[in-house]
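Novice: The structure under discussion is supplied below as structure tokens; questions concerning it will follow.
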Amino acid sequence: MNSGPNLILVGVNHKTTPVEIREKLAFTQVKIEASLSQLVSSPEIIENIILSTCNRVEIYARVENTDRGIQLLQDFICDYHGISRGNLDQYFYSYCDNQAVEHLFRVSSSLDSMVLGEAQILGQVKDAYSTARSFSSTGMVLNQLFEKAFNVAKKVREETGISERGVSISSAAVELAKKIFEDLENHSVMLVGTGEMAELAAKHLISYGVKTVYVASRTYERAAALAKSLNGCALDFESFKEEMHRADIIITSTAAPTFIVNEEMISTAIQKRKNKPIFLIDIAVPRDIAPEVNELENVYLYDIDDLQNVVNANMEERQKEAESAMEIINQEVTKFNYWFSTLDAIPTIVEMRNRAEDMRAFEVDKTLKNMEHLTSDDKEAINQLTQSLVKKILHKPTINLKKKTQSHDGHIYLKAIRDLFHLDD
Amino acid sequence: MDKISFSVALFSYLAASLGYFVYLVYRRPLVSSLSGGAVALGLISHTVSIGLHSAITGHGPYTTSYEIAMFLAWFIVVIYFLTEWKYKIKDLGSFVIPLVFLVMLVSVFLSKDAGLVPESEVRFWLTMHRTLSIIGYAAFSIAFAAGIMYLIQEHQVKSKKLGIMYFRMPSLEVLDDLNFKVITIGFPLFTLGFMTGSIWNTKMDQAFFSWDLAKTMPMVIVWLIYGLVFFGRMTTGLRGKKAAQFAILGFVTVIGTFFLHI
């Protein structure tokens, strides 16, 4: 497609490479900074960006020659970390041109992540890009490519549900809480039992704005300690049943062998709350809350299996959304390729215009010298006339050349223009 | 001219209804914006149509059955816009605008006969009665849409089957709050409409409460239903699913009453 310099990508990720290899190949921030300048000083490499996260090490580059470039980058990664190439060949993947573009779009849109749709990767790609920019190892093509990748990621996020659904127990619980209560800020949570997962879920809720936290445990000291760390207040285990109406969200995680919360207790609580909803999360095994509680109006009870089912369903949905995300990515890859393929024509177009402008300026100068009787306004008018004439004449050839360079015989047109205008003299 | 703008409004609402439905299922932001634009266009031509029609007939848009239905649809759109501006519930349009379209469509088949135009003093009470009742009904129709959305969302959360609508619809709290707010606006207006209607009746030399059972009883029932929701919320905490169910029941009764009256 492209006769000039090409885009390539060389890397390893969590799908191709076990962690014990990945960790050896990872670049720390300091190593990245050193490597960027080292790579760009090679005559083969025009631009490069290094992306190194715990799940992937990838180098994106624009090189003079695809095959040589790929070899060079693979050698570089191995040499830099002092590992022999032979053992690693099986792990590397490499892509060029539109495949490399597609890969980057997939990575930044989190389609290539271990947890599909996770938000972290986009930030990591952005960091990699800004580091490379600050070391001037990027140029027009990689700048355009990465900026585009960020737009694509945003579009995928907005137009598909790829990141919409929580894929951990605590995020699914927070999502449910937000579908029941909207704004969590004015709501309260009560922990009954101080299990690790309950604590995690509570922290998650607090990070979404929950301000009031009550903690009850059979051992008051543990309740007090956890309450302190969550900035909440500890309750005596015996009294939590009377206080349940105060909480909008109740998370139970005790080691009790039987149900400790029954229908009657919640029924009383809901009456005291004047029917304001209660969201009960029972992550204890065996369960703490009698399942019939869910039958009560304005009460929503989820046990650990319910939450796990939600998580599984969400995973499947993300998988489905990934398909619509791929549609967006394919469209954007085509658009980017269009832009990339017109690049070949640009130096020729610039030269062609410069050549014409030189001729015009020379001829106008020559003519005006012999026409001293003209006013400066007249001279300016002649200048403008000739300028727009040149522009008009070159307009169609410019457009057509851009179009033609995307076809297989594009280089013939470029050569023809260069010959016809004597650009290579 | 008023007929042309009426048709523009009718088709804008139809386009917006379809658009909002597509948005609900396929989530394309552009479709949502286009649908919003179609509703705006609909409201503008709707307003023009009402204005021109009133200019031609020489009376307000609350005299013939056709006008009343059209005026009701207009108020629903206005309240919808206010709600949308305050709550930013994008998918409310999927439930409200089809209703607007239906009311508009039905109005085409309704009588355009003004009947006897009563003398001015009586006419004042009749105008008050109809305008206030129409605004009340419009508010109730938003409560109806919020109620349906509430029941859909509530069913998802309760049954633990979290489908596509779970993610797209707003939270139960927001829907319940919306339900309450519009009934809080609609109920007093409807009550005033009811009272002015009775005054109109007395001015017409009839009893304060004309016991035309077929006409008055449904109104009393509507009033009782919304009154129950209105006062129930404040006293016993009638909210959530029950409030949503009452809002739907109330609106179904409203539709019945509406057809009895026109």
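Novice: So if R0 is 56 Å, what FRET efficiency would residue A:119 and residue B:56 give, r being the distance between their Cβ atoms, rounded to the nearest 0.05?
Specialist: It comes to 0.45.
Novice: Quick one: grab Rg to one decimal and Dmax as a whole number for the range A:169-311, Cα atoms only, in Å.
Specialist: 13.4, 35
Novice: Additional query: To the nearest 10 degrees, how steeply does helix A:66-81 sit against the main Cα axis of chain A, on a 0 to 90 scale?
Specialist: The answer is roughly 50 degrees.
Novice: Please work out whether chain A counts as rounded, prolate or oblate from its C-alpha gyration tensor, where a ≥ b ≥ c are the square roots of the eigenvalues and a/c under 1.5 means rounded, while otherwise a/b larger than b/c means prolate and anything else oblate?
Specialist: It comes out prolate by the Cα gyration axes.
Novice: Using θ = phi - 60° and the Karplus curve 6.51 cos²θ - 1.76 cosθ + 1.60, what whole-Hz ³J(HN,Hα) does each residue of the range A:141-158 get, with Gly and Pro shown as x?
Specialist: Computed from phi, the couplings for the range A:141-158 are 6, 5, 4, 4, 4, 6, 4, 4, 4, 5, 5, 4, 4, 5, 4, 4, 5, 7 Hz.
Novice: Amide H neighbours of residue A:47 under 5 Å, at least 5 residues apart or on other chains, H built in the peptide plane: list them.
Specialist: Residues meeting the criterion, in which the H sits 1.01 Å from N, are A:62.
Novice: Same structure, new question: May I ask for the angle, rounded to the nearest 10°, between helix B:92-108 and the longest principal axis of chain B, with both axes built from Cα atoms and the value confined to 0 to 90°?
Specialist: 30
Novice: Set the Förster distance to 60 Å, then compute FRET efficiency between residue B:110 and residue B:161 from the Cβ-Cβ distance, nearest 0.05.
Specialist: Details: r = 42 Å, r/R0 = 0.69.
Plugging the Cβ-Cβ distance into 1/(1 + (r/R0)^6) gives 0.90.
Novice: What is the Cα coordinate range of the range A:273-414 on the first, second and third principal axes, sorted by size from largest, in whole angstrom?
Specialist: Extents along the principal axes: 104, 44, 19 Å.
Novice: OK, next. What list of ³J(HN,Hα) values in whole Hz, one per residue of the range B:8-21 in order, does the Karplus curve 6.51 cos²θ - 1.76 cosθ + 1.60 (θ = phi - 60°) give from phi, with Gly and Pro shown as x?
Specialist: 4, 4, 4, 6, 4, 5, 5, 4, 5, 4, 5, x, 5, 5
Novice: Please average, across the residues of A:174-182, the number of beta carbons from any other chain that are within 10 Å of each residue's own beta carbon, and give a whole number.
Specialist: 5
Novice: Hey, what number do you get for chain B at 222 nm if only DSSP H runs of n ≥ 4 count, each worth -39500 (n - 2.57), divided across all residues, to the nearest 500? Can you show the working numbers first?
Specialist: Details: 9 runs with 216 residues, N = 262.
That comes out to -29000 deg cm²/dmol.
Novice: Let me ask something else. Whats the longest run of chain B with zero chymotrypsin sites (Phe, Trp or Tyr not before Pro) that are DSSP loop and have at most 14 other Cβ atoms within 10 Å?
Specialist: B:1-108
Novice: With each run of n ≥ 4 DSSP H residues scored as -39500 (n - 2.57), what mean residue ellipticity at 222 nm is computed for chain A after dividing by its residue count and rounding to the nearest 500 deg cm²/dmol?
Specialist: -18500 deg cm²/dmol
Novice: Then there is this: Length gain on complete extension for the stretch residue A:351 to residue A:75, per 0.36 nm per residue less the alpha carbon to alpha carbon distance?
Specialist: Values: separation 276, 0.36 × 276 = 99.36 nm, distance 3.74 nm.
Stretched out fully, the residue A:351 to residue A:75 stretch lengthens by 95.6 nm.
Novice: Please report how far the C-alpha centroid of the range A:289-348 lies from that of the range A:72-127, rounded to the nearest whole angstrom.
Specialist: So the separation of the two Cα centres works out to 22 Å.
Novice: Here's something else I'd like to know. Relative to the present Cα-Cα distance, how much length would full extension add between residue A:389 and residue A:34 at 0.36 nm per residue of separation?
Specialist: Taking 0.36 nm per residue and subtracting the Cα distance, the gain is 122.7 nm.
Novice: In Å and from the alpha-carbon atoms only, list the Rg and Dmax of the range B:118-262.
Specialist: Just the Cα atoms of the range B:118-262 yield Rg and Dmax of 17.5, 61 Å.
Novice: Also, I was wondering about something else. Work out the mean other chain Cβ neighbour count within 10 Å for the residues of B:157-165 and drop it here as an integer.
Specialist: Mean shielding by partner chains, rounded to a whole number: 5.
Novice: What GluC sites (Glu not before Pro) in the range B:66-159 are in a loop by DSSP, with at most 12 other Cβ atoms within 10 Å of the Cβ?
Specialist: Of the GluC sites (Glu not before Pro), the ones in loops of the range B:66-159 whose Cβ has at most 12 other Cβ atoms within 10 Å are B:119.
Novice: Evaluate peptide A:267-277: per residue, the Cβ atoms of other protein chains within 10 Å of its Cβ; return the mean as an integer.
Specialist: 3
Novice: For the range A:345-420, what D do you get in µm² per second when you plug the Kirkwood radius from alpha-carbon pairs into Stokes-Einstein at 20 °C and 1.002 mPa s?
Specialist: Numbers: Rh = 14.0 Å.
Here the translational diffusion coefficient equals 153 µm²/s.
Novice: Something else now. Check residue B:238: other-chain or 5+ apart residues with amide H under 5 Å from its amide H, H built from backbone geometry?
Specialist: Long-range HN contacts for residue B:238: B:233.
Novice: Moving to a separate point now. In the calculated pair distance distribution of the range B:1-151, what percentage of Cα-Cα distances lie above 20 Å?
Specialist: On the way: 5433 of 11325 pairs.
Summing the P(r) of the range B:1-151 above 20 Å gives 48 percent of all pairs.
Novice: Also, I was wondering about something else. Identify, among B:145, B:71, B:175, the residue whose Cα sits farthest towards the positive end of the charge dipole of chain B, taking +1 on the Cβ of Lys and Arg and -1 on the Cβ of Asp and Glu, with the dipole about the Cα centre.
Specialist: Of B:145, B:71, B:175, it is B:175.
Novice: Assign one of three labels to chain B, namely rounded, prolate or oblate, based on the Cα gyration tensor with a ≥ b ≥ c the square roots of its eigenvalues; rounded applies when a/c is under 1.5, prolate when it is not and a/b is larger than b/c, and oblate otherwise.
Specialist: Oblate shape, in that a/c is at least 1.5 and b/c is the bigger or equal ratio.
Novice: For helix A:169-181, what angle does its Cα long axis make with the longest principal axis of chain A, in degrees from 0 to 90 and rounded to 10?
Specialist: On a 0 to 90 degree scale, this one is about 80.
Novice: Separate question: Going 7 Å from the Cα of residue A:416 in the Cα-to-Cβ direction, what parts of the range A:383-404 have a backbone nitrogen less than 11 Å from that spot?
Specialist: Within reach of a label on residue A:416: A:401, A:404.
Novice: How long is the gain from residue A:140 to residue A:91 if the chain were fully straight, where each residue apart is worth 0.36 nm and the alpha carbon distance is subtracted?
Specialist: Working: separation 49, 0.36 × 49 = 17.64 nm, distance 3.02 nm.
Fully extending the segment from residue A:140 to residue A:91 adds 14.6 nm.
Novice: Per residue of the range A:292-303, in order, report the coupling 6.51 cos²θ - 1.76 cosθ + 1.60 (Karplus, θ = phi - 60°) as ³J(HN,Hα) in whole Hz, putting x for Gly and Pro.
Specialist: 4, 4, 5, 6, 5, 6, 6, 10, 10, 10, 10, 9
Novice: In vacuo Debye scattering of the range A:6-164, one point per C-alpha: log10 I(q)/I(0) at q = 0.12, 0.17, 0.18 Å⁻¹?
Specialist: Result of the Debye calculation: -0.47, -0.97, -1.09.
Novice: Over the Cα atoms of the range A:205-281, what Rg and Dmax result, in angstrom?
Specialist: Over the range A:205-281's Cα set, Rg and Dmax evaluate to 12.6, 33 Å.
Novice: Give the long-range amide H neighbours of residue A:191: residues separated by 5 or more places, or on another chain, with amide H under 5 Å away, using H modelled in the peptide plane at 1.01 Å from N.
Specialist: A:214, A:215, A:216, A:251
Novice: On to the next question. With both partners inside chain A, how many of the DSSP beta bridges are antiparallel, as a percent to the nearest 5?
Specialist: Beta bridges within chain A, antiparallel portion: roughly 45 percent.
Throughout, read-outs are computed from the coordinates displayed, never taken from laboratory work. All values reported here derive from a predicted model rather than from experimental measurement. Every residue, glycine among them, receives a Cβ derived from its backbone with ideal geometry; neighbour counts consider all protein chains shown.
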